[in-house]
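> Right, I'll just put the structure down here and ask away after.
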Amino acid sequence: MNDDRCRLYLVTPPKFNPQSFRDAFKAALDGGDIGAIQLRLKEVDDDEIRRACELLLPIASAYDVTFLMNDRPDLALEMVCDGVHIGQQDGTYKQAREIVGPNCIVGVTCHNSRHLGMEAGERGADYVAFGAFYPTTTKDAQFKAGPEILEWWHDIMLPPCVAIGGITVENCRPLAAAGADMLAVVSGVWNHPLGPKAAVEQFNTIFDEIAEAGGSYVDS
């Protein structure tokens, strides 16, 4: 999952109808490069998560995009996802790894903590996620992170880092330039005024510009 160029880490809305959401999901994938997709459904039963996975996972696979399950290593294993993302309240990295096995991706939320990041990286996490970097309505963000944690991680650690929290095409440049390997985006894609395909296209244009500038932030 590591790459010199920043990539998009697309997170599904916390609630959606899988059947009607499928077109928007495919449109986002048609917009260009996506490094990973996380299925993140909240306050629904396991069968609804399974139904969403059954519909969306084959589409992601057809586009050769990594598909991750949020919170639930047991369902990630059952549904044959590429891996799982766990928060600090969702069990430990060790527990998740024991469930999904050695060949699946396990990513870990580390909020704004260098200690949690280093701990996860040293234990074998495939990536760490820092945030929230901006105000977000997707979840109640209790932690605030700044671009400096991305710069620090990029300079000294090997596992990829993901930035999350209120990220849009308008505010993403400093995070991509600071060294984030991927930017996790929810509303910034699904609620984009021109639609998810245009949002993914715009993110990728920005990532290309930053990569061509050698990783420097150019305010446009």
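> Which of [x] 12.5; [y] 16.5; [z] 11.0 is the computed mean projected area of the Cα convex hull in nm² for the structure on display?
Computed from these coordinates, mean projected area of the Cα convex hull in nm² corresponds to label [z].
> Starting from the Cα-Cα distance between E212 and R50, subtract it from 0.36 nm times their residue separation and give me the gain in nm to one decimal.
Here the segment from E212 to R50 would lengthen by 54.3 nm.
> When the helices in the chain are scored as -39500 (n - 2.57) per DSSP H run of 4 or longer and the sum is shared across all residues, what 222 nm value do you end up with, to the nearest 500 deg cm²/dmol? Each step should come with its number before you reach the end.
Working: 9 runs with 91 residues, N = 220.
It comes out at -12000 deg cm²/dmol, rounded to the nearest 500.
> Normalised radius of gyration for region 113-179, please: alpha carbon Rg relative to 2.2 N^0.38 Å, two decimal places. Don't skip to the end; give the middle numbers.
Working: Rg = 11.8 Å, N = 67, 2.2 N^0.38 = 10.9 Å.
In units of the globular-protein estimate, region 113-179 measures up at 1.08.
> Which loop-located GluC sites (Glu not before Pro) does region 160-220 contain, where loop means any DSSP state but H, G, I, E or B and the Cβ has at most 15 other Cβ atoms within 10 Å?
Filter output for region 160-220: E170.
> Could you tell me the center-to-center distance, by alpha carbons, between region 95-110 and region 144-196 in angstrom?
The distance from the Cα centre of region 95-110 to that of region 144-196 comes to 22 Å.
> If a paramagnetic tag sat 7 Å from the Cα of K15 along the Cα-Cβ line, which residues of region 35-59 would have the backbone N under 11 Å from that point?
42-44
> Pick out, from A177, T12, G35, the residue whose Cα sits farthest towards the positive end of the charge dipole of the chain, with +1 on the Cβ of Lys and Arg and -1 on the Cβ of Asp and Glu.
Farthest towards the positive end: T12.
> So, one more: What is the ratio of the Cα radius of gyration of region 135-220 to 2.2 N^0.38 Å, with N the residue count, to two decimals?
1.08
> Please identify the GluC sites (Glu not before Pro) of region 31-133 that satisfy two criteria: DSSP loop assignment and at most 11 other Cβ atoms within 10 Å. Which are they?
Listed in order of number, the matching sites are E43.
> Now for a separate question. Could you compute the longest span of the chain free of trypsin sites (Lys or Arg not before Pro) located in DSSP loops and having at most 12 other Cβ atoms within 10 Å, not counting the site residues?
It works out to 43-220.
> Beyond 26 Å between alpha-carbons counts as too far, so tell me which of K15/K197; K15/K144; K94/K197; K26/K144 fall in that bin.
Table pairs above 26 Å Cα-Cα are K94/K197; K26/K144.
> On to the next question. log₁₀ I(q)/I(0) of region 1-56 at q = 0.17, 0.18, 0.19 Å⁻¹, via Debye over equal Cα point scatterers, no solvent, to two decimals?
Treating every Cα as an identical point scatterer, log10 I(q)/I(0) equals -0.59, -0.64, -0.70.
FYI, it's all coordinate maths here, none of it is from the lab. The shown structure was predicted, so the numbers you read here are calculated from the model rather than taken from an experiment. Glycine also receives a Cβ, built like all others from the backbone with ideal geometry; neighbour counts cover every protein chain displayed.
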